[in-house]
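Below is one structure, written out as structure tokens; comments come after it.
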Amino acid sequence: MPAGIRDKVAIIGMGCARFGERWDMDAPDLMLEAFTEALADAGIDRDRIDAAWLGTFFDEQNVGKSALPLSMALRLPNIACTRVENLCATGTEALRGAVHAVAAGAADIALAMGVEKLKDTGYSGLPERTKGTFEDLWLPGSTAPGAFAQLGEAYAHRHGIAIADLKRAMAHVSVKSHANALANPKAHIRRAITEEDVLQAPPIAHPLGALDCCGVSDGAACAIVATPAIARELGKTPIVTLKALALAASNGVEMGHASWDGAHTPTTRLAAARAYAEAGLADPAAELDLIEVHDCFSITELVLMEDLGFSAPGRAPADILDGRYDRDGALPCQVDGGLKCFGHPIGASGLRMAYEVYLQLTGRAGQRQIPNARLGLTHNLGGIPNRNVAAVGIFGHLDG
Amino acid sequence: MAGILAAAVHVPRRRLPRAVLADAHGWSMPPGRPPPGARAIAAWDEDAITLAVAAARALGPVAPPESVTLASTTHPFADRLNAGVVAAALDLPDHVEAADAGGSLRAGLTALARALRAVRPGERALVCAADTRPARPGSPAEAQIGDASAALLVGSEDSLADCIGHAVVSADFVDHYRAAGAAADYQLEERWVRDEAVARLAPLALQRLLGPHGLTPADIAHAALSFPSPALARAAAKTTGLDAGSEAIHERIGHAGAAHPLVALVGALEAARPGDHIVVLGFGQGVEALLLRATDQVTNLRPTLAPALANGVEDGHYTRFLAQRGLIDFDWGIRAERDLRTAHTAAWRRARDLLAFVGGRCPRCGTVQFPRTGACVNPNCRALEPQEPWRLADSHGTIASFTRDWQATHPDPPLIYGNVRFAEGGNALMEFADSVDTELAVGQPVAFAFRIKDRDQRRDFTRYFWKAVPAAGSIA
């Protein structure tokens, strides 16, 4: 077993742009907005950054290929810059690059930036894109909502739940996230909704309606990570460290083997198990103070509660309706409003999740503050249920 | 003596009632009763190639043919062998000869006659005919035309009906015409066609056909008449002395173009008893005639026309029909702007996967998977070994998940797709066809159909693949 990264890397600063339809901002502008906040938070000179990772997905929509857009937007001092992409898990992937560099001793201080400028397409929803020369010839022309929507019928069938009842639990997921975002000035959507609003919203892809789907937004978020020694030297208190950062990638089983039931993400279960082991969590549901998961669609969050081990199989709908994951529940989920209210600028989301956890762990989450927050989890899912990368991050205090 | 070994038709699921057309166009004509019945309309993802494949597959398990012919006046390609695509979809070996036939509304009959003459003892010929003929909105043809196909397997052993005669009266009679590339037919007055073509040529063709056998029209138990309208078919019957029989095909499907003679023949075969004489008359720049005699095997024919006449789903969405045919400049939305350029090198490399729905089978653990790769998908195997080709087209599946996607751009919204589990194992994410007005449920059985995947409008290239269709009997 590798030694791992637990407590080897500290976050010394983070920034997050205001997510939304930033018609007057392009990707470099968004990067600067997040970076200036992070730099000020870290309290270091820009030239102390040894290496940088750029996470962005739609390069043809956004900025060009390579990590040059990051180096040029921030005028970094000709350091090593790398672009990474892992579909919607890109943000966490960028963080992982920076964290590994510091853990390996290849960098003392590293930057991870996630950015996505989605609102230059001129139409709603994610941009149309090719899936590949062969795959375009046989895969259905699915959209993101359609791909995730399939979890609905499969989950209902697997656990013997009526779709109408499932939709009520899904609605609660969205209602809860909207309520949380009211306290977040950086969220795109800050508007209270009711269960009825969600159930009556126009259909997008059965069983998802418009309010079961996260928005399409522009945004950027970044993290500056360093060794715990540097964090101490900078006077950081408390020192937030990575306890684990685990990934698991599909290898085709869900796409092509009959063993997948269509109602869960095996990759999440694997990544979570690895993360909990590395972080030393015996009872994650009890030990975690908050969770930020990949709620691209309400049904996704519902399924993830079981995949992350917080609800027993088939019990997520009941737990959700009981308020277990509400702000004042046993395990607050999407305290910042989630993808639902921030939207999903693909490259940025994983880092936006980390941003909320970081603020909570440093006691700076203002109205959203969870008392005594010491341990937080982020879950970032790139792809679709049929093939995806799951990334689970666990953040805590150096001495906790 | 060559004969028919197997026969089947395929008719698209939807039927556009003629009353809907009359209602839409009523403003342009004096009040009157609309013609009865409905016409079959191909789905957006059906064309003459897919219809032909469907009819050929409806034959059921048959001995493989040495040749395939696709007769049509609406071949999707003027230069890309359409019958070759049919052969690929049927996964026929590469020594099979494929050829297209066309040019007239009797092209299906011409192709059948040629196959009957040319097929060698011990060999078989597959003759397919299919048409999705265009018509201008408001034209009589719009209501008369129906989209359909037929497939007949021809050979010399164990036939359902033997061919015992063939005759033709050729005549460049322009009752209607369609120039190459034209959007619709130009149709002349039916009374003139009736008096100068049908009344003169049909009796002459029948006489040439029956004379050498000493038969009269009274000896003919079933007449399969292919004339562009019911009135012309009645005129043919009256002037030849043949029994016109039922007008059900015209009434519930329409005139199926180059396929009509063969569709009518299938109808005659379904009604025939051993020993019955059958005459097929096909009209189109002359009259062509075929004489057959049903054998004892004819009662073994599994009906495909009778169910098609009885079933079919009424569809009154006329503007949807017009939009899908490009007859109105419908706004399909910005997502439809996506460029669908084909990487032909990739398409050729994977031709068998795509056209014949062939996946792979791991030689080590036997797991069937799509697509075929060099690495087994079974998590307990994952062998890095080339897989054996495994055809999935004739398999069945069940729905493991599904959704109706309204965000996706699609000619017949919503786009419906889901995970389909194959009976022999494995699964694939597939589009569902013929499912917009169908109840779907996890666990529901599906069969597979060869359909248009999409069309690159910019470069006029149609791409084909297989889709899941809720199995017969599960349609709500």
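Among the helices (runs of 4 or more DSSP H) contained in the stretch A:73-184, which hold 1 or more residues that are in contact with a helix residue (DSSP H, G or I) (Cβ under 6 Å, 6 or more places away or on another chain) and within 14 Å of another protein chain (Cβ to nearest Cβ)? So that I can check it myself, show each step before the final result.
Values: elements: A:90-103, A:144-159, A:163-181.
Per the criteria, A:144-159, A:163-181.
Can you pull out every residue in the stretch A:127-144 that is under 23 Å from A:Arg22 (Cα atoms) and at pLDDT 95 or above? So that I can check it myself, show each step before the final result.
Kept after step one, since they are under 23 Å from A:Arg22 (Cα atoms), are these residues of the stretch A:127-144: A:127-129, A:144.
Result: A:Ala144, single match.
Which of the residues spanning the stretch B:411-435 are more than 7 Å from chain A (Cβ to nearest Cβ) and either out of contact with any Lys or Arg (no Cβ under 7 Å at 6 or more places or on another chain) or not in a strand (DSSP E or B) (or both)?
Of the stretch B:411-435, the ones more than 7 Å from chain A (Cβ to nearest Cβ) are B:411-414, B:416, B:420, B:422-424, B:432-435.
Listed by number, the residues that qualify are B:Pro411, B:Asp412, B:Pro413, B:Pro414, B:Val420, B:Phe422, B:Ala423, B:Glu424, B:Ala433, B:Asp434, B:Ser435.
Looking only at residues that are assigned to a loop (DSSP other than H, G, I, E, B) and buried (at least 17 other Cβ atoms within 10 Å of the Cβ) in the stretch A:235-246, which one is nearest to the other protein chains (Cβ to nearest Cβ)?
A:Ile239
Taking B:Arg352, is it at the interface with another protein chain (Cβ under 8 Å from one of its Cβ atoms), surrounded by fewer than 19 Cβ atoms within 10 Å (Cβ to Cβ), outside any loop (DSSP other than H, G, I, E, B) and not hydroxyl-bearing (Ser, Thr, Tyr)? Spell out the reasoning first.
Values: at the interface with another protein chain (Cβ under 8 Å from one of its Cβ atoms): no; surrounded by fewer than 19 Cβ atoms within 10 Å (Cβ to Cβ): yes; outside any loop (DSSP other than H, G, I, E, B): yes; not hydroxyl-bearing (Ser, Thr, Tyr): yes.
No, not satisfied.
Rundown of residues vs (1) farther than 27 Å from B:Asp23 by Cα; (2) without any contact (Cβ under 8 Å) to a residue 60 or more places away in the chain; (3) surrounded by 15 or more Cβ atoms within 10 Å (Cβ to Cβ); (4) not polar (S, T, N, Q), yes/no style:
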{"residue": "B:Arg252", "(1), (2), (3), (4)": "no, no, yes, yes"}
{"residue": "B:Ala271", "(1), (2), (3), (4)": "yes, yes, yes, yes"}
{"residue": "B:Val279", "(1), (2), (3), (4)": "yes, no, yes, yes"}
{"residue": "B:Gly282", "(1), (2), (3), (4)": "yes, no, yes, yes"}
{"residue": "B:Arg293", "(1), (2), (3), (4)": "yes, no, yes, yes"}
{"residue": "B:Asp315", "(1), (2), (3), (4)": "no, no, yes, yes"}
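Inspect all residues belonging to the stretch A:247-254 and state whether any of them is outside any helix (DSSP H, G or I) and under 26 Å from A:Ala38 (Cβ atoms). It would help to see each step written out before you state the result.
So in the stretch A:247-254, the residues outside any helix (DSSP H, G or I) come out as A:247-252.
With under 26 Å from A:Ala38 (Cβ atoms) added as a condition, the list becomes A:247.
Yes, there is a match, as at least one residue in the stretch A:247-254 is outside any helix (DSSP H, G or I) and under 26 Å from A:Ala38 (Cβ atoms).
Looking at (1) closer than 30 Å to A:Thr121 by Cβ; (2) more than 8 Å from chain A (Cβ to nearest Cβ); (3) not small (Gly, Ala, Ser), can you tell me which one B:His396 breaks?
All conditions are met except number (1).
Name the residue that is surrounded by the fewest Cβ atoms within 10 Å (Cβ to Cβ), counting only residues in the stretch A:276-334 that are touching a Ser or Thr at 6+ places or on another chain (Cβ under 6 Å) and acidic (Asp, Glu).
Applying the filter and picking the extreme gives A:Asp319.
Which one is surrounded by the fewest Cβ atoms within 10 Å (Cβ to Cβ), of the residues in the stretch A:194-209 that are within 14 Å of chain B (Cβ to nearest Cβ) and not hydrophobic (A, V, I, L, M, F, W, C)?
Keep residues of the stretch A:194-209 that are within 14 Å of chain B (Cβ to nearest Cβ), which gives A:201-209.
Among the residues that remain, those that are also not hydrophobic (A, V, I, L, M, F, W, C) are: A:202-203, A:206-207, A:209.
Working: A:Pro202: 8, A:Pro203: 17, A:His206: 21, A:Pro207: 23, A:Gly209: 22.
Among residues in the stretch A:194-209 that are within 14 Å of chain B (Cβ to nearest Cβ) and not hydrophobic (A, V, I, L, M, F, W, C), the one surrounded by the fewest Cβ atoms within 10 Å (Cβ to Cβ) is A:Pro202.
Checking the condition touching a strand residue (DSSP E or B) at 6+ places or on another chain (Cβ under 7 Å) and surrounded by fewer than 19 Cβ atoms within 10 Å (Cβ to Cβ), which residue from B:Asp412, B:Asp437 passes?
Values: B:Asp412 fails: touching a strand residue (DSSP E or B) at 6+ places or on another chain (Cβ under 7 Å).
Going through B:Asp412, B:Asp437 in turn, the sole match is B:Asp437.
Between residues in the stretch B:80-104 that are part of a loop (DSSP other than H, G, I, E, B) and residues that are among the hydroxyl-bearing types (Ser, Thr, Tyr), which pairs lie under 9 Å by C-beta distance while being six or more apart or on different chains?
Pairs found: B:Val96/B:Ser67; B:Gly102/B:Ser72; B:Gly102/B:Thr73; B:Gly102/B:Thr74; B:Gly103/B:Thr73; B:Gly103/B:Thr110; B:Ser104/B:Thr73; B:Ser104/B:Thr110.
Taking the stretch B:373-393 only, how many residues are within 11 Å of chain A (Cβ to nearest Cβ) and either outside any loop (DSSP other than H, G, I, E, B) or surrounded by fewer than 18 Cβ atoms within 10 Å (Cβ to Cβ) (or both)?
Residues in the stretch B:373-393 being within 11 Å of chain A (Cβ to nearest Cβ) and either outside any loop (DSSP other than H, G, I, E, B) or surrounded by fewer than 18 Cβ atoms within 10 Å (Cβ to Cβ) (or both): 6 in total.
Identify all residues within the stretch B:355-372 that are more than 33 Å from the chain's Cα centre (by Cα) and either part of a helix (DSSP H, G or I) or at the interface with chain A (Cβ under 10 Å from one of its Cβ atoms) (or both); write none if there are none. Spell out how you get there, then give the answer.
Looking only at the stretch B:355-372, we keep the residues that are more than 33 Å from the chain's Cα centre (by Cα), and these are B:362-367.
Selection gives B:Thr367 alone.
Among residues belonging to the stretch A:210-230 that are surrounded by fewer than 23 Cβ atoms within 10 Å (Cβ to Cβ) and of a type in the set (Gly, Ala, Ser), point out the one that is farthest from the other protein chains (Cβ to nearest Cβ).
A:Ala229
Could you grab me the full set of residues in the stretch A:225-234 that are in a strand (DSSP E or B) and either in contact with a Lys or Arg (Cβ under 9 Å, 6 or more places away or on another chain) or without any contact (Cβ under 8 Å) to a residue 60 or more places away in the chain (or both)? So that I can check it myself, show each step before the final result.
Start the filter on the stretch A:225-234 by keeping residues that are in a strand (DSSP E or B), which leaves A:225-226.
Selection gives A:Ala226 alone.
If you go through the stretch A:109-167 one residue at a time, how many are over 20 Å from A:Asp307 (Cβ atoms) and hydrophobic (A, V, I, L, M, F, W, C)?
So the count comes out to 15.
Restricting attention to the stretch B:131-175, report how many residues are surrounded by fewer than 23 Cβ atoms within 10 Å (Cβ to Cβ), assigned to a loop (DSSP other than H, G, I, E, B) and among the aliphatic types (A, V, I, L, M).
3
The values are calculated or read from the model by the stated rules, or taken from the named source; none is laboratory data. Every value quoted in this text rests on a predicted model; they were computed, and no experiment measured them. Cβ sites come from the backbone with ideal geometry, for glycine too, and all protein chains shown count toward neighbours.
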